[in-house]
Amino acid sequence: GLLVPAAAAARRDRKSTPRPALIPSSHENPTPCRCRNGATPNLDTKEHIASVSKLITAIAAVKMLDERNLSFDTKIGNYIPAYWNEGKNANDLTFRKLLTHQAAFTVYGGDFLSFKQQIEMGVSTNPADGIGYTNGSFSLIRVLAATMTGAVPRNKTWEFAGLPPNVNANLNNALWDASSTDAFLSYVQNKVFTPSGVSGVSPKSNDGSALAYSGKNDGQGWDSGDVTSQVGGAGFRMSVNQVLDVMGTFRRKGTIVSPTKAQEALDARLGIDQVIDTPLGKIYNKNGRWQNGSGPNDDAEQSVAYFLQEDMEVVLLVNSWIGAEQASVRGSVKDAYLANIE
């Protein structure tokens, strides 16, 4: 069964066979559960996967580096747009540091101007001086991908005759943002989603998107809308089955990177929150949450992805908090897994 009826979950084994989640149902009077068009969500319903998007971004970055024979420790300086005024130590940041929250960022935001500001402010060489977890270090990957692949030349600037300098600067930023985001989304589709048999992923919601809720008394729900500005650190709208397809392809099929390289990335914790030791071996997870505010009573959509032992993956999408106690999605999956190890 599912942890709450307002959740969609599945696990998949090495033969890509979907199986029911091992998560017991434990809550009465569940949260409402519907899509924008009134339909009931299923394993193919798309939801904003929030920070599980970081896992997708990390997979794309691993692919981009691997196809150029570059290591995770490649410095980003050669890929920062030339018009940015890099601050101290910014050029020496590596992809590994960005993808593990070790870049000492002090600006959290995942929008273009936030991570541009961070690079221009500079960073400490001590990760402990940062705020520990940011969207910006992952959203920055979309710009670095655009320049590394040549989709947007590093020296590119947009200038418009007759406009004041500040207007030109704002337009240049906006066009860099739009063009690099488009380039990154195209790269992810071609190099990650297509090999996984996944299509139609967009940062924008549609009538089939799941709504988010604050709890069982919320009859209206919330549509988190267009999250294009957050792509990289968040921003991907995917279904349970789509995330599972990407995870299995990345880990085993060799059509994104080799299984050896994929395991190297997992052990390096690229786009991974936790590596947990179990009696069967290590398991790896990434979770996410997106709210329409910062309070405990706001509408929320939550997600978690696990790479388990025995070549199994689990993905759980929840369109509300879990019960009055707001139980941990990530912890609930871990507890269920450990309780079912034979």
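Rounded to the nearest 500 deg cm²/dmol, what is the calculated helix-only ellipticity per residue at 222 nm for the chain, with -39500 (n - 2.57) per DSSP H run of length n ≥ 4? Let's see the in-between values first.
Values: 8 runs with 95 residues, N = 342.
The helix-only estimate for the chain comes to -8500 deg cm²/dmol at 222 nm.
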Original post:
Mind checking which of 319, 166, 135 has the largest fluctuation in a GNM of the chain, springs on alpha carbons under 10 Å?
Top reply: 166
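Lys and Arg at +1, Asp and Glu at -1: add these up for the other residues within a Cβ distance under 12 Å of residue 55 and post the number. Write down the numbers at each step before the final one.
Details: positive: 54, 251, 269, 286; negative: 273, 313.
Surrounding charge for residue 55 is +2.
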Original post:
In whole Å, how far is the Cα centre of the stretch 195-256 from that of the stretch 147-177?
Top reply: 30
Original post:
What percent does the relative contact order of the stretch 7-339 come to when contacts are Cα pairs within less than 8 Å and at least six residues apart?
Top reply: 27
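Rg/Rh for the stretch 25-158 to two decimals, with Rh computed the Kirkwood way over all alpha-carbon pairs.
1.10
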Original post:
Seen from all sides and averaged, what is the projected area of the convex hull of the Cα atoms in the chain, in nm²?
Top reply: 17.7
Subject >> Per principal axis, descending, Cα span of the stretch 217-338 in whole Å >> reply: 46, 34, 22
**OP:** Identify all lysines with a Cα-Cα distance to residue 75 below 30 Å; exclude those on the same chain that are fewer than 8 residues away in sequence.
**Re:** 54, 63, 88, 97, 116, 156, 191, 253, 261, 282, 286
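What is the ratio of the Cα radius of gyration of the stretch 281-335 to 2.2 N^0.38 Å, where N is its residue count, to two decimals? Intermediate results must be reported in sequence, preceding the final value.
On the way: Rg = 12.5 Å, N = 55, 2.2 N^0.38 = 10.1 Å.
Scaled against compact globular proteins, the figure is 1.24.
In what sequence, highest mean first, do 336-342, 55-61, 73-79 appear when ranked by Cβ atoms within 10 angstrom? Can you show the working numbers first?
Values: 336-342: 12.1, 55-61: 28.1, 73-79: 15.6.
Descending packing order for the listed peptides: 55-61, 73-79, 336-342.
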Original post:
Among the GluC sites (Glu not before Pro) within the stretch 45-94, which fall in a DSSP loop and have no more than 15 other Cβ atoms within 10 Å of their own Cβ?
Top reply: 67
**OP:** Post the alpha-carbon centroid distance, the stretch 118-137 to the stretch 322-342, in whole angstrom.
**Re:** 32
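No lab work stands behind these numbers, since they all come straight from the coordinates. None of these values were measured; they are calculated from a predicted model. Quick reminder, even Gly has a Cβ in these numbers, built from the backbone with ideal geometry, and neighbours come from all protein chains shown.
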